[in-house]
1. Quickly run through region 46-89 and pick out the residues that are among the small types (Gly, Ala, Ser), over 13 Å from the mean Cα position of the chain (by Cα) and under 20 Å from residue 102 (Cα atoms).
2. Can you pull out every residue in region 115-136 that is under 25 Å from residue 60 (Cβ atoms), open to solvent by less than 100 Å² (accessible area, probe 1.4 Å) and not β-branched (Val, Ile, Thr)?
3. Checking residue 56 against (1) farther than 30 Å from residue 15 by Cα; (2) at pLDDT 95 or above, only one condition comes out false. Which one?
4. Considering every residue within region 27-41, establish whether at least one is over 30 Å from residue 134 (Cα atoms) and of a type in the set (A, V, I, L, M, F, W, C).
5. Can you run down the residue pairs with Cβ atoms below 6 Å, 6 or more apart or on separate chains, where the first is in region 16-35 and closer than 18 Å to residue 48 by Cα and the partner is open to solvent by 100 Å² or more (accessible area, probe 1.4 Å) and not in a loop (DSSP other than H, G, I, E, B)?
6. Being closer than 20 Å to residue 134 by Cβ and under 14 Å from the mean Cα position of the chain (by Cα): is that true of residue 5 here?
Amino acid sequence: MKATARRRRNGTYQHDLKVRDHIVSADEPRESGGDDTAPSPQEFLAVSLASCTAITLEMYADRKGWDIGGVEVACEYTPAERGCPTRFGIVVRLPDSLTDEQVERLRIIAAKCPVHRTLDGEVMFDERVERVSLAH
């Protein structure tokens, strides 16, 4: 998987993000010096976890033949601060027609989404800086 961020010419911190054939935007809120035209990079962490959890649950339910309708996943993200770890709060809303066993199984499956596993596991970075001629 690959993503590329390229700064827009007309914004303070606005960036176009290219993923496969898709373009989305990121920016910083006004209180951080941005123009607040799009979610911030940190907000995209919550977006990634919420959407991955929802899709994982829906794929699992489809394989089981369970109708879970429009599952909703809310995610709150609090970045780490001195003495406090990074925190993610996840609330999964499922139809009340599901059995207790189905709900418990879906709760377990929610924690197995790829983004959750990535955030929960060991992460390594391979970083380098390349000098390039920027066209104006």
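1. Start the filter on region 46-89 by keeping residues that are among the small types (Gly, Ala, Ser), which leaves 46, 48, 50-51, 54, 61, 65, 69-70, 74, 80, 83, 89.
Narrowing further to those that are over 13 Å from the mean Cα position of the chain (by Cα): 61, 65, 69-70, 80, 83.
The answer is 61, 65, 69, 70.
2. 116, 119, 121
3. It is condition (1) that residue 56 fails.
4. Step one: filter region 27-41 for residues over 30 Å from residue 134 (Cα atoms), giving none.
No, because not a single residue in region 27-41 is over 30 Å from residue 134 (Cα atoms) and of a type in the set (A, V, I, L, M, F, W, C).
5. Taking only residues 6 or more apart or on different chains, the pairs are 16/6; 16/23.
6. Numbers: closer than 20 Å to residue 134 by Cβ: yes; under 14 Å from the mean Cα position of the chain (by Cα): no.
No, not satisfied.
The values are calculated or read from the model by the stated rules, or taken from the named source; none is laboratory data. Bear in mind that the values here come from a model prediction, so they are computed numbers and not experimental data. FYI the Cβ positions are ideal-geometry reconstructions off the backbone, even for glycines, and counts take in every protein chain you see. When the accessible area is computed, the model is the full protein with side chains, heavy atoms only, and any ligands, DNA or RNA have been set aside. Shrake-Rupley method; radii C 1.70, N 1.55, O 1.52, S 1.80 Å.
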